[in-house]
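Worksheet for the structure shown next.
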Amino acid sequence: MAAIEVTASLVRPLHGAVVRRFIAGAAVSVGQAVFIASDGLVEPADASAQDSAQARGIVGGVGVAGQTSASSGQAVDVVTHGPVVLGVTSLEEGDVVYVSATAGAIDQTAPAAQGDYPYIIGWAESSGVVYVQPQMIVPAANN
């Protein structure tokens, strides 16, 4: 898979992005895809399980200015819809962005292993900007 190497210190939501504040249920970093766990906390998304594959956004900041990671219990700002700069230059406009089978990571290639869920988190607007728009229907697991 073609993992997208995010530069956490350069990640930022752009004008028009919808940003919601959540509490982390596990350690998360800026630029990671996250899902909302059953307890309402956000954790790194992971395509290897149905629940965790359903990313609801990308972490755009943490509650303490200047930090790029948060521990469980800390506030995190999540871009749930709209454009976010990822600090990358490897994307091409229109590229689909998937949740990776590596916790929190995003990828340009759908996960292909048996049992993985090819869940789309958004699309590339340009070489460094992803438009976060999580798909609404959970795809079937790979056979």
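The values are calculated or read from the model by the stated rules, or taken from the named source; none is laboratory data. Keep in mind that this is a model prediction, so the values were computed, not measured. Using ideal geometry, Cβ is built from the backbone for each residue, glycine included, and neighbour counts are taken over all protein chains shown. Just so you know, the surface numbers come from the protein's heavy atoms only, side chains and all, with ligands and any DNA or RNA stripped out. Shrake-Rupley method; radii C 1.70, N 1.55, O 1.52, S 1.80 Å.
Quick check on my filter: what residues within the range 105-131 are open to solvent by 20 Å² or more (accessible area, probe 1.4 Å), farther than 15 Å from L91 by Cβ and of a type in the set (F, W, Y)?
Y117
For the range 81-98, state whether one or more residues are over 14 Å from G128 (Cα atoms), out of contact with any Asp or Glu (no Cβ under 8 Å at 6 or more places or on another chain) and crowded, with 20+ Cβ neighbours inside 10 Å.
no
Might you check whether a residue that is among the charged types (D, E, K, R) and within 27 Å of A110 (Cβ to Cβ) occurs anywhere in the range 26-42?
No; the residues of the range 26-42 include none that is among the charged types (D, E, K, R) and within 27 Å of A110 (Cβ to Cβ).
Can you find a residue that is closer than 29 Å to A140 by Cα and small (G, A, S) anywhere in the range 64-80?
No; the residues of the range 64-80 include none that is closer than 29 Å to A140 by Cα and small (G, A, S).
In the list Y131, Y119, which residue meets the criterion of being in contact with a helix residue (DSSP H, G or I) (Cβ under 9 Å, 6 or more places away or on another chain) and of a type in the set (F, W, Y)?
Exactly one of Y131, Y119 is in contact with a helix residue (DSSP H, G or I) (Cβ under 9 Å, 6 or more places away or on another chain) and of a type in the set (F, W, Y), namely Y119.
Right, V96: modelled with pLDDT of 95 or more, under 13 Å from the mean Cα position of the chain (by Cα) and within 16 Å of I4 (Cα to Cα) or not?
Against the criterion (modelled with pLDDT of 95 or more, under 13 Å from the mean Cα position of the chain (by Cα) and within 16 Å of I4 (Cα to Cα)), V96 qualifies.
Would you mind stating whether G61 is buried (at least 20 other Cβ atoms within 10 Å of the Cβ) and either within 15 Å of the chain's Cα centre (by Cα) or not in a helix (DSSP H, G or I) (or both)?
Considered against the rule, which asks whether it is buried (at least 20 other Cβ atoms within 10 Å of the Cβ) and either within 15 Å of the chain's Cα centre (by Cα) or not in a helix (DSSP H, G or I) (or both), G61 comes out as yes.
State whether one or more residues within the range 45-62 are touching a residue at least 12 places away in the same chain (Cβ under 8 Å), touching a helix residue (DSSP H, G or I) at 6+ places or on another chain (Cβ under 8 Å) and farther than 19 Å from V138 by Cα.
no
Considering only residues of the range 132-143 that are among the aliphatic types (A, V, I, L, M) and crowded, with 17+ Cβ neighbours inside 10 Å, which is farthest from A55 (Cα to Cα)?
Here the answer is A141.
Do you know which residues across the range 16-58 are part of a strand (DSSP E or B) and not aliphatic (A, V, I, L, M)?
Result: R20, R21, F22, S29, F35, E43, P44, G57.
Could you tell me whether the range 30-43 includes any residue that is modelled with pLDDT under 95 and either of a type in the set (G, A, S) or over 20 Å from A17 (Cβ atoms) (or both)?
Within the range 30-43 (the criterion being modelled with pLDDT under 95 and either of a type in the set (G, A, S) or over 20 Å from A17 (Cβ atoms) (or both)), the answer is no, since none of the residues qualifies.
Check off (1) under 18 Å from A8 (Cα atoms); (2) open to solvent by 50 Å² or more (accessible area, probe 1.4 Å) for D51 and give me the number that stays unchecked.
Here D51 meets the rest and fails (1).
Considering every residue within the range 85-104, establish whether at least one is farther than 23 Å from L10 by Cα, in a loop (DSSP other than H, G, I, E, B) and touching a residue at least 12 places away in the same chain (Cβ under 8 Å).
Yes, the range 85-104 has at least one match.
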